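Below: the structure, in structure tokens.
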Amino acid sequence: MILSRFIVFEGIDGSGTSTQVRLLAQRIARSAPSCALSVTAEPTSAETGRFLRQILKGTHKVHPGTAAHLFAADRHEHLYGTDGIITHIERGGIVISDRYLFSSLAYQSIECGEELPYRLNSSFPLPQLLFFFDIDPQTAMSRIARRSSTEIYETLPFLEKTAAAYRRVIAGFEQDGAHGMRIVRIPAAEPIAEIASKIWNTVQELPILKA
Ligand code: TYD
């Protein structure tokens, strides 16, 4: 099932999704001020997401299969919890999420294999529009190295594995016709302004912005 007016940004750590989520949100707010826009991210800011952040920081260690279940549980709350994505969409709003189930299909497949993340995420709706930020892991790593704090997945060997896993996951959806989800690949090493224009042009093509 496709969730209309739901836009997702995906890519390995350091691919620049957060910057572009912010720029798109600013652009929508400027050109369609009456549009109810919700900007969100996974892991969420709910308790489930907070626990995941501790795991990502390495403060708390769990079995990889447990982490896969926790990411799916956090996503379930993100969608169906009070004032979640579904409620916002049903009220006619637009939701932009920095990461969604494609992160689980890519990241969790590395330690758990492909079957478990696919099974845990198979019943969630797909977004209307998916931006996949494709970047060379070495370039992404040099961006991450400039940050003050890093997470357990932010090493070059892990980024290389996630980059390959993402490409597999996205190609899989492209081959299956993506059930109506529009997938846009973003060459994420390009300048920020160029990427922002490409994203804006794509969003404007969709009849989702109420003037
Ligand atoms: P990130 O999106 O980079 O957020 P921040 O910039 O706030 O650190 O970090 C989230 C990390 O969580 C990232 O390494 C990917 C990982 N992740 C998963 O492994 N599985 C998931 O399902 C999701 C949503 C994220």
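How big is the charge dipole of region 137-211 about its Cα centre, in debye rounded to the nearest 20, if each Lys and Arg gets +1 on its Cβ and each Asp and Glu gets -1 on its Cβ?
Dipole of region 137-211, to the nearest 20 debye: 100 debye.
Ignoring ligands, DNA and RNA, what percent of the 1.4 Å accessible area of the chain is carbon and sulfur?
That fraction is 52 percent.
In debye, nearest 20, what is the charge dipole magnitude of region 76-211 about its Cα centre with +1 on Lys and Arg Cβ and -1 on Asp and Glu Cβ, if you could check? It would help to have the intermediate numbers written out before the result.
Details: 13 positive and 17 negative charges, 49 e Å.
That gives a dipole near 240 debye.
With a probe of 1.4 Å, find how much accessible area the chain has per residue, and write the answer as a whole number in Å². Intermediate values should be presented prior to the final figure.
Values: 10140 Å² over 211 residues.
Spelled out: the 1.4 Å probe surface of the chain, per residue, equals 48 Å².
Which of ILE170, LEU206, PRO117 sits closest to the plus end of the dipole of the chain, meaning its Cα is farthest towards the positive end, when Lys and Arg get +1 and Asp and Glu get -1 on the C-beta?
The Cα lying farthest towards the positive end belongs to LEU206.
Contour minus end-to-end for THR82 and SER123, with contour as 0.36 nm per residue of separation and end-to-end as the Cα-Cα distance? Don't skip to the end; give the middle numbers.
Working: separation 41, 0.36 × 41 = 14.76 nm, distance 1.92 nm.
Computed gain between THR82 and SER123 is 12.8 nm.
Using only the Cα atoms of region 85-211, build the gyration tensor, take square roots of its eigenvalues as a ≥ b ≥ c, and label the shape rounded, prolate or oblate: rounded if a/c is under 1.5, else prolate if a/b is larger than b/c, else oblate.
Numbers: a/c = 1.78, a/b = 1.23, b/c = 1.45.
Oblate, since a/c reaches 1.5 and b/c is not below a/b.
How high is the relative contact order of region 41-193, in percent, with contacts defined as C-alpha pairs under 8 Å that are six or more residues apart?
Value for region 41-193: 25 percent.
Hey, what number do you get for the chain at 222 nm if only DSSP H runs of n ≥ 4 count, each worth -39500 (n - 2.57), divided across all residues, to the nearest 500?
That comes out to -15000 deg cm²/dmol.
Under 14 Å from a point placed 7 Å out from the Cα of SER34 along the Cα-to-Cβ direction: which residues of region 182-211 have their backbone N that close?
Only 209-211 fall inside the zone, counting backbone N under 14 Å.
Given H placed on each backbone N at 1.01 Å, which residues far from THR44 in sequence or on other chains put an amide H within less than 5 Å of it?
Amide H to amide H, under 5 Å and 5 or more residues apart or across chains, THR44 pairs with GLY49.
Between ARG91 and THR66, what is the label-to-label distance in nm when each label sits 7 Å out along the Cα-to-Cβ direction?
In this crude label model, ARG91 to THR66 measures out at 3.6 nm.
Lys/Arg Cβ at +1, Asp/Glu Cβ at -1, dipole of region 1-131 taken about the Cα centre: which of PHE102, GLY16, HIS78 is farthest positive-ward?
GLY16
Under 10 Å, Cα contacts only: if you run a Gaussian network model on the chain, which one of PHE133, PHE173, PHE124 comes out with the highest mean-square fluctuation?
PHE173
The values are calculated or read from the model by the stated rules, or taken from the named source; none is laboratory data. In this text, all values refer to a predicted model and were calculated from it rather than measured experimentally. A quick note on method: Cβ atoms are made from the backbone with ideal geometry, for glycine too, and the neighbour counts reach across all protein chains shown. Accessible surface is based on the protein model in full, side chains and every heavy atom, while ligands, DNA and RNA are left aside. Shrake-Rupley method; radii C 1.70, N 1.55, O 1.52, S 1.80 Å.
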